[in-house]
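To start, the structure itself, in structure tokens.
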Amino acid sequence: IELIEYCNRGIVIFEGKSYEKKCLCPPSYFGERCQWQNQRISLTLQIRPVGSFDNKFSIYDIFIYLIDNENEIIHSYEKINYVSSIDCNTKYNRYLLYPDQPKNTNYTYSIRIDIYEKLTSKYYASWYLYIPFPFLPVNRISTQIRIPSEKSQLSINCSIQCGTNGKCFKYFNSEQEFCLCDQGYSGRYCNTTYNCSCSSDSTCLNSSIC
């Protein structure tokens, strides 16, 4: 019983020859004994393909980002490998952690979901999720996205300037526009550079996201 309670919600391990007790914490907790709760977004997501027969047998890479609305910097992310014919009834539960604990109340955050075709790594579509009640330390959001039969097209007469390093699109579930940056660039207007650390046969979405 003592070992079970030692790490609160975590797992006890013994380190080194001295068998010193250490704790492995789940994503929702941190601290030497997993005694503090991370401020986070708890997202439950279901994904459904719609439209053509081919779309229901496609494979996608789905990226879920927690971004700040001012600079559109990615603070945490999760990746899902989605096979339409197998995973259409699956409910995914993912944690997105705020970069600071406690979180910085000077920023507002949102969730962006990008989908890429698995076999070609080509961009397909994006969704925007508003985070309600930003004062809460833990926000629980449940949603379903439906993958359209046709991929998103460039937004004509875009209201924002993406420069030469990005392209303007609309979110599939909103009239809001955003810049989809080329490899090596990030930020709201794709004017921030980064060095790609991915392998040569991968596509960089961020300095550490491949």
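The values are calculated or read from the model by the stated rules, or taken from the named source; none is laboratory data. All values derive from a computational prediction rather than experimental measurement. With ideal geometry, Cβ positions are generated from the backbone for all residues, glycine too; neighbour counts draw on all protein chains shown.
With the checklist (1) under 17 Å from the mean Cα position of the chain (by Cα); (2) surrounded by 13 or more Cβ atoms within 10 Å (Cβ to Cβ); (3) on the phi < 0 side of the Ramachandran plot; (4) not acidic (Asp, Glu) in hand, flag the one item Gly187 doesn't pass.
Every listed condition holds for Gly187 apart from (3).
Restricting attention to strands (runs of 3 or more DSSP E) lying wholly within the range 1-81, give those where 3 or more residues are closer than 29 Å to Tyr109 by Cα. Let's see the steps before the verdict.
Numbers: elements: 11-15, 20-24, 40-49, 59-68.
So the answer is 40-49, 59-68.
Quick check: anything in the range 14-25 touching a strand residue (DSSP E or B) at 6+ places or on another chain (Cβ under 6 Å), free of Cβ contacts under 8 Å to residues at least 40 places away in the same chain and aromatic (Phe, Trp, Tyr)?
No, there is no match, as no residue in the range 14-25 is touching a strand residue (DSSP E or B) at 6+ places or on another chain (Cβ under 6 Å), free of Cβ contacts under 8 Å to residues at least 40 places away in the same chain and aromatic (Phe, Trp, Tyr).
Report, ordered by the first and then the second residue, all pairs with beta carbons closer than 6 Å, sequence separation of six or more or different chains, a first member in the range 58-79 that is more than 17 Å from Leu129 (Cβ to Cβ), and a second member that is aromatic (Phe, Trp, Tyr).
Pairs found: Tyr60/Tyr82; Asp61/Tyr116.
When the residues of the range 149-178 are filtered to those that are free of Cβ contacts under 8 Å to residues at least 60 places away in the same chain and among the hydrophobic types (A, V, I, L, M, F, W, C), which remaining residue is surrounded by the fewest Cβ atoms within 10 Å (Cβ to Cβ)? Let's see the steps before the verdict.
So in the range 149-178, the residues free of Cβ contacts under 8 Å to residues at least 60 places away in the same chain come out as 151-177.
When the remaining residues are screened for being among the hydrophobic types (A, V, I, L, M, F, W, C), the result is 154, 156, 158, 160, 162, 168-169, 172.
Numbers: Leu154: 11, Ile156: 7, Cys158: 15, Ile160: 14, Cys162: 23, Cys168: 18, Phe169: 21, Phe172: 18.
For the range 149-178, the residue satisfying everything is Ile156.
If I filter the range 63-91 down to residues being among the β-branched types (Val, Ile, Thr) and modelled with pLDDT of 85 or more, which single residue comes out as nearest to Cys190 (Cα to Cα)?
So the first thing to find is which residues in the range 63-91 are among the β-branched types (Val, Ile, Thr), and the list is 64, 67, 73-74, 80, 83, 86, 90.
After this cut, where a residue has to be modelled with pLDDT of 85 or more as well, the list is 64, 67, 80, 83, 86, 90.
Details: Ile64: 19, Ile67: 14, Ile80: 25, Val83: 31, Ile86: 36, Thr90: 34 Å.
Top of the filtered list is Ile67.
Pull out all pairs, ordered by first then second residue, where Cβ-Cβ is under 8 Å, the residues are six or more apart or on different chains, the first lies in the range 181-193 and is touching a residue at least 40 places away in the same chain (Cβ under 8 Å) and not assigned by TED's automatic domain parsing to the domain that holds Glu70, and the second is among the charged types (D, E, K, R) and in a loop (DSSP other than H, G, I, E, B).
So the pair list comes out as Ser186/Glu72; Gly187/Glu72; Arg188/Glu70; Arg188/Glu72.
Looking at Ile47 and the list (1) at pLDDT 90 or above; (2) of a type in the set (A, V, I, L, M, F, W, C); (3) not assigned by TED's automatic domain parsing to the domain that holds Ile131, which single condition is not satisfied?
(3)
Per-residue answers, yes or no, for (1) at negative phi; (2) surrounded by 15 or more Cβ atoms within 10 Å (Cβ to Cβ); (3) modelled with pLDDT of 90 or more; (4) of a type in the set (Asp, Glu):
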| site | (1), (2), (3), (4) |
| --- | --- |
| Asn8 | no, yes, no, no |
| Cys23 | yes, yes, yes, no |
| Phe30 | yes, yes, no, no |
| Cys34 | no, yes, yes, no |
| Gln37 | yes, yes, no, no |
